[in-house]
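Take a look at the structure below.
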Amino acid sequence: MPLPLCLALLLSGLALRQADRLHFAHSRPHTAPAAALIGHQRRRANNLTPTLLLAGQWIQIAGWWALAAHGPLTAALAAVAVAVHFRHQQEISHFAVHGVLARTARANLLLAEIFAHHPLALPPVPDRRRRHVRDHHPNATVPHADPNLAELHAAGLRPGITRTAFALAVLHPLTPRGIQATLTTITAVLRRSPARTATVLALAGAAYLLGGPHALIAGLLVPRLLLYPQLAHFSLLAEHTWFDPDPRTGPPAWVEAGRCLRLYPRNRLIATLAATTWLPYGDLHHYAHSAHPGLRWNYLPALERHLTPPHFTPTGLLLGRPSVTRRHYRALTRRHTPRTPRVLQQHHQP
């Protein structure tokens, strides 16, 4: 495909995605409590702009596939870009799981399945809803109850870990054991769902038709099997202080402030870069989401400004003294003493 057509696909997909952003930005307050934001969200809810948002992502992916055929450099760029788009699809469908992507429950289910779960070979949306909404949210960071914490344990993040083992666990999806786990999960999903198998095969065919073997390998296989899982793993690491939360009792925001973190609180440039790549659609504002899971990503920054900060606000994921990985490593390598849950004092209420 000629280069101008590749760029046209990328730009048209990007433009299509803006319809949802602009629609939900209308009359949005700069800061407000959750109740006011939920009311505003309900008035703006619709099924059209989320469909355009998800379709725009795939149009851009098609553009990257076509661009991958233009040489090794564009193929490498396409691999990274498609992995980022896959992360975006995962996070958009996450809000469908919470029932706030589109206006109706049926639209939330269909959009998540058609645009994310089928092509990415993810489990059925109801299964993800049970695991995420029922099992994770009320039990975040609770051993033997939180499936996300169990996922980190399976990656090797356990008490008494060595420095080398910790580094391998942080990069788990790129290690042989992590790649095998990704392939095992995808295979299990496809075996149970002929529809997902057909969708994945059609996707592979589309990638090959648009960009040949470069698009198939660099634009589909490498992003899905290596880069996207690693970006998702980084995101999971940056959601909570998994191994040393501050246990609290009281209102949801107070409880979540003791087990969530907020990455890049003072570096607007890096925060923007993260929010457009590996922490998209509200993932950077996971604390606000945990406090009020019924809010769409468009309103999480306004809610976050209304809340007191969480107990940990690191300046980096991998580097720096107050980094996420440094805290996780220290928590896993020191002896723990049980901590009594803190009760909210009235003058501290978020």
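The values are calculated or read from the model by the stated rules, or taken from the named source; none is laboratory data. Since we're looking at a predicted model, the values are computed, not measured. Counting neighbours? That spans all protein chains shown, and the Cβs are built from the backbone with ideal geometry, glycine included.
Tabulated results
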{"read-out": "Checklist (1) small (Gly, Ala, Ser); (2) in contact (Cβ under 8 Å) with a residue 60 or more places away in the chain; (3) outside any loop (DSSP other than H, G, I, E, B) applied to ALA32, failing item", "value": "(3)"}
{"read-out": "LEU120 being touching a helix residue (DSSP H, G or I) at 6+ places or on another chain (Cβ under 8 Å), closer than 29 Å to PHE24 by Cα, among the aliphatic types (A, V, I, L, M) and surrounded by 21 or more Cβ atoms within 10 Å (Cβ to Cβ)", "value": "no"}
{"read-out": "Check on TYR329, aromatic (Phe, Trp, Tyr), assigned to a helix (DSSP H, G or I), within 15 Å of ALA238 (Cα to Cα) and at pLDDT 95 or above", "value": "yes"}
{"read-out": "Helices (runs of 4 or more DSSP H) contained entirely in the range 124-171, each with at least 1 residues that are under 29 Å from ARG106 (Cα atoms)", "value": "125-129, 147-154"}
{"read-out": "Residues within the range 137-179 that are hydroxyl-bearing (Ser, Thr, Tyr) and within 18 Å of the chain's Cα centre (by Cα), tallied", "value": "1"}
{"read-out": "Long-range neighbours under 9 Å by Cβ, at least six apart or interchain, first residue of a type outside the set (Gly, Ala, Ser) within the range 81-101, second modelled with pLDDT under 95", "value": "GLU91/GLY282; HIS94/GLY282; PHE95/GLY282"}
{"read-out": "Tally of residues being part of a loop (DSSP other than H, G, I, E, B) and either surrounded by fewer than 19 Cβ atoms within 10 Å (Cβ to Cβ) or of a type in the set (S, T, N, Q) (or both) across the range 99-117", "value": "3"}
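Yes/no per residue for (1) more than 17 Å from LEU279 (Cβ to Cβ); (2) in contact with a His (Cβ under 8 Å, 6 or more places away or on another chain); (3) not small (Gly, Ala, Ser):
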position: ALA68; (1), (2), (3): yes, yes, no
position: HIS88; (1), (2), (3): no, no, yes
position: GLU91; (1), (2), (3): no, no, yes
position: GLY99; (1), (2), (3): yes, no, no
position: ASN108; (1), (2), (3): yes, no, yes
position: HIS117; (1), (2), (3): yes, no, yes
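Residue by residue, here is whether (1) surrounded by 13 or more Cβ atoms within 10 Å (Cβ to Cβ); (2) in contact with a Lys or Arg (Cβ under 9 Å, 6 or more places away or on another chain) holds:
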{"residue": "MET1", "(1), (2)": "yes, no"}
{"residue": "CYS6", "(1), (2)": "yes, no"}
{"residue": "LEU10", "(1), (2)": "yes, no"}
{"residue": "GLY13", "(1), (2)": "yes, no"}
{"residue": "ARG21", "(1), (2)": "no, no"}
{"residue": "PRO29", "(1), (2)": "yes, no"}
{"residue": "ALA32", "(1), (2)": "yes, yes"}
{"residue": "ALA36", "(1), (2)": "yes, no"}
{"residue": "HIS40", "(1), (2)": "yes, yes"}
